[in-house]
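A.B. asks: Quick one: this structure, given as structure tokens, is what I'll be asking you about.
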Amino acid sequence: MKTLTKDIASKLREGAFCVVFEDDLERCWPSNKMPQPRREREIRNFAKIQGWTVAILEGAFGTRAIFQEL
């Protein structure tokens, strides 16, 4: 979780948003260990704690989370 937090923060310093793809989300919020609504809630709580917003999108290649500064 610390590594993901640092990576997102670094990318947000460089640009307006940071996209995190399924493989990175899976490391912190494994989809096989929690229902999708809970997973999304935990990702949103993570973003809120960090002072970010997040849009969570489902697609053909899995979940993407787009983080932005508040």
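A.B. asks: Can you report the number of residues in the range 46-60 which are open to solvent by less than 80 Å² (accessible area, probe 1.4 Å) and closer than 17 Å to L70 by Cβ?
C.D. replies: 9
A.B. asks: Please state which of the following conditions M34 fails to meet, knowing it meets all the rest: (1) touching a residue at least 12 places away in the same chain (Cβ under 8 Å); (2) part of a loop (DSSP other than H, G, I, E, B); (3) surrounded by 13 or more Cβ atoms within 10 Å (Cβ to Cβ); (4) not basic (K, R).
C.D. replies: Result: M34 passes all but (1).
A.B. asks: Does K11 fit the bill of being part of a helix (DSSP H, G or I) and in contact with a strand residue (DSSP E or B) (Cβ under 7 Å, 6 or more places away or on another chain)?
C.D. replies: Considered against the rule, which asks whether it is part of a helix (DSSP H, G or I) and in contact with a strand residue (DSSP E or B) (Cβ under 7 Å, 6 or more places away or on another chain), K11 comes out as yes.
A.B. asks: Against the condition open to solvent by 30 Å² or more (accessible area, probe 1.4 Å) and over 18 Å from Q68 (Cβ atoms), how does D23 come out, does it pass?
C.D. replies: It is true that D23 is open to solvent by 30 Å² or more (accessible area, probe 1.4 Å) and over 18 Å from Q68 (Cβ atoms).
A.B. asks: Does L25 qualify as being in contact with a Ser or Thr (Cβ under 6 Å, 6 or more places away or on another chain) and part of a helix (DSSP H, G or I)?
C.D. replies: yes
The values are calculated or read from the model by the stated rules, or taken from the named source; none is laboratory data. All values reported here derive from a predicted model rather than from experimental measurement. Note: ideal-geometry Cβ built from the backbone for every residue, glycine included; neighbour counts use all protein chains shown. We work out accessible area using only protein heavy atoms, side chains counted, and drop any ligands, DNA or RNA first. Shrake-Rupley method; radii C 1.70, N 1.55, O 1.52, S 1.80 Å.
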